[in-house]
Amino acid sequence: MQVYADNAATTKVSQTAIDAMLPCLTEKYGNPSSIHSFGQAASREMESARAIVAECLNADPKEITFTSGGSEADNQALLSAAAAGEKKGKKHIISTAFEHHAILHTLDKLRKQGFRIELLPVYEEGIVRLEDLEKAIGEDTALVSIMYANNEIGTIQPIKEIGALCKERGVLFHTDAVQAAGHLHIDVKEQNIDMLSLSGHKFHAPKGSGVLYVRAGSVPLINVIEGGAQERGKRAGTENIPGIVAMAAALKESCENIDSNTAKVTVMRDRLIQGLEQIPESVLNGHRTKRLPGNVNFCFKGIEGESLLLMLDRQGIAASSGSACTSGSLDPSHVLLSIGLAHEVAHGSLRLSLSEYNTEEEVDHILATVPAVVERLRAMSPVWESMQKGK
């Protein structure tokens, strides 16, 4: 049996998204900046997609800028807010210790430019505390950027409360909603969100399309990519019309089915949690219930996550680990370290992320396979042997 349980990394493209994009590849393939009929047909498709995305977020279409994905949207959001803050003499930015690297690396860049970056702790359960944020906000705070839901451990942040606090204190609030969009209800007005990033391939659209929402009048966007006058002059480059249209269709379908999908996926998630926690010396990472419907993240003491992934792949299970093995680094995940895990424990992590396409039979296969693989790896592990001897 082949089981794809790495939906936090990317998702299968839905038939709805494919059906929506095909006409833009075969018929309405013009450049939307062109004035001829082919170009204007493509432009109408793009603007229709913009309206659909806006409706899903309860935003205005003029507040939607199309990007290549979540990373670009994150970069443009932070750099724009920083530039606006600097003009007002505000060079303090607040974020968290377990943000995606698209945020953290951009913050590093801004730190080198003289900005004061403050990363809030997320504690053992992986959730920001409002009292910490309230204490951190000062007169010179230009921006608060806190992710909606974590990409590794799946914990969901109190976004509405954070947005209300930022609004009360007159501070811009950006959220990286790449993992949340299409899976959780989002209302940028109700939640007082000034800027929001999302990426289509996390909710069954093709890779290569994303969105930056910016509340009208909140902050002027600066260009990350220079060139043409596309996207109201704020994002150069010919728009990816097939990807944009597919993303809008996938987001609409996901939002319309959030409640039923959540109910189905949560049952499978909880079965996995209950089954995997029966493995001796296993640790569930993040809050038990305040997490994405499909996210399961465990550490198994005495083993290496890379070995676990390779052996699971041989058994037909595609998953991921918090260890940064693909980057050539032996360091454990910064997310797992941020919730207080020791290095040797964080190395033995496993992230399983489900979608509505997964089945109960696939969950059965995972539950039958993971304990046996963990046991086999521990039998070969000198670290586990030392632990058993109390060393």
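The values are calculated or read from the model by the stated rules, or taken from the named source; none is laboratory data. Source: prediction; values computed, not measured. Here Cβ is always computed from backbone atoms with ideal geometry, including for glycine, and neighbour counts include all displayed protein chains. SASA here: full protein model, heavy atoms, side chains in, ligands and nucleic acids out. Shrake-Rupley method; radii C 1.70, N 1.55, O 1.52, S 1.80 Å.
Between I225 and E161, how many nm apart are label points set 7 Å from Cα along the C-beta direction?
Going from the I225 label point to the E161 one covers 3.8 nm.
Give me the Å³ per residue figure for the convex hull around the C-alpha atoms of region 63-187.
Numbers: hull volume 13.8 nm³, N = 125.
Convex hull of Cα atoms, per residue: 110 Å³.
Of the heavy-atom accessible surface of region 1-99 (probe 1.4 angstrom), what whole percent is carbon and sulfur?
Numbers: 2380 of 4390 Å².
Carbon and sulfur together cover 54 percent of it.
Whole-Å semi-axes of region 178-263's equivalent ellipsoid, largest first, each the root of 5 times a Cα gyration tensor eigenvalue?
On the way: eigenvalues 124, 63, 15 Å².
One finds semi-axes of 25, 18, 9 Å for region 178-263.
From the cross-link list K12/K264; K160/K207; K160/K202; K12/K160; K87/K112; K62/K135, which pairs have alpha carbons spaced over 24 Å apart? Please report the intermediate quantities before stating the final value.
Working: K12/K264 17 Å; K160/K207 29 Å; K160/K202 22 Å; K12/K160 30 Å; K87/K112 17 Å; K62/K135 34 Å.
In this structure, K160/K207; K12/K160; K62/K135 lie more than 24 Å apart at Cα.
At a 1.4 Å probe radius, which order do H204, H183 fall into by accessible area, largest first?
Numbers: H204 5, H183 50 Å².
Putting H204, H183 in descending order of accessible area: H183, H204.
How many times 2.2 N^0.38 Å is the alpha carbon radius of gyration of region 337-380? Could you put the intermediate results ahead of the total?
Details: Rg = 13.7 Å, N = 44, 2.2 N^0.38 = 9.3 Å.
With N residues counted in region 337-380, Rg over 2.2 N^0.38 Å equals 1.48.
Taking only the Cα atoms of region 114-197, how large is their convex hull per residue, in Å³? Walk me through the numbers on the way to the answer.
Working: hull volume 8.4 nm³, N = 84.
About 100 Å³ per residue, rounded to a whole number.
Once you put a point 7 Å from the Cα of M387 and another 7 Å from the Cα of E168, both along the Cβ direction, what distance in nm separates them?
Between M387 and E168, the label points sit 4.3 nm apart.
Based on the Kirkwood radius over alpha-carbon pairs, what is the Stokes-Einstein translational diffusion coefficient of region 1-149 at 10 °C with 1.306 mPa s viscosity, in µm²/s?
Details: Rh = 18.7 Å.
For these conditions, the coefficient is 85 µm²/s.
Placing +1 at every Lys and Arg Cβ and -1 at every Asp and Glu Cβ, with all other atoms neutral, what dipole size does region 85-207 have around its Cα centre, in debye to the nearest 20? Walk me through the intermediate numbers first.
Values: 16 positive and 18 negative charges, 120 e Å.
Dipole magnitude for region 85-207 comes out near 580 debye.
Quote to one decimal, in nm, the extra length available between Q278 and E360 on full extension: 0.36 nm per residue of separation minus the C-alpha distance between them.
Extra length available between Q278 and E360 comes to 27.7 nm.
Given labels modelled 7 Å from the Cα in the Cβ direction, how far is it in nm from K135 to E306?
Computed distance between label sites K135 and E306 equals 3.9 nm.
Would you mind working out the magnitude of the charge dipole of the chain relative to its Cα centre, with +1 at each Lys and Arg C-beta and -1 at each Asp and Glu C-beta, to the nearest 20 Debye? If you can, show how the numbers build up before the last one.
On the way: 39 positive and 49 negative charges, 154 e Å.
For this selection, approximately 740 debye.
Enter the Cα centre distance for the pair region 108-125 and region 1-67, rounded to the nearest angstrom.
Between the Cα centres of region 108-125 and region 1-67 lies a distance of 34 Å.
Could you let me know the centre-to-centre spacing of region 271-296 and region 177-244, using Cα atoms, in angstrom?
Their Cα centres are 32 Å away from one another.
Calculate log10 I(q)/I(0) of region 241-344 for q = 0.15 Å⁻¹, where I(q) comes from the Debye formula with a single equal point scatterer on each Cα and nothing for solvent.
Result of the Debye calculation: -0.82.
With runs of 4+ DSSP H residues as the only contributors, calculate the mean residue ellipticity of the chain at 222 nm using -39,500 (n - 2.57) per run, divided by the residue total and rounded to the nearest 500. Intermediate results must be reported in sequence, preceding the final value.
Values: 14 runs with 166 residues, N = 391.
Taking each H run of at least 4 residues, the total per residue is -13000 deg cm²/dmol.
What is the pair-distance distribution P(r) of region 144-301, computed from all Cα-Cα distances in 5 Å bins starting at 0, with each bin given as a whole percent?
With a bin width of 5 Å, the distribution comes to 2, 8, 15, 17, 18, 16, 11, 7, 4, 2, 1, 0.
Which three extents, in whole angstrom, do the alpha-carbon atoms of the chain cover along their principal axes, largest first?
72, 52, 36
What accessible area per residue, rounded to a whole number of Å², is obtained for region 107-207 using a probe radius of 1.4 Å? All intermediate terms of the calculation are to be shown ahead of the outcome.
Working: 3900 Å² over 101 residues.
Counting only protein heavy atoms, the per-residue value for region 107-207 is 39 Å².
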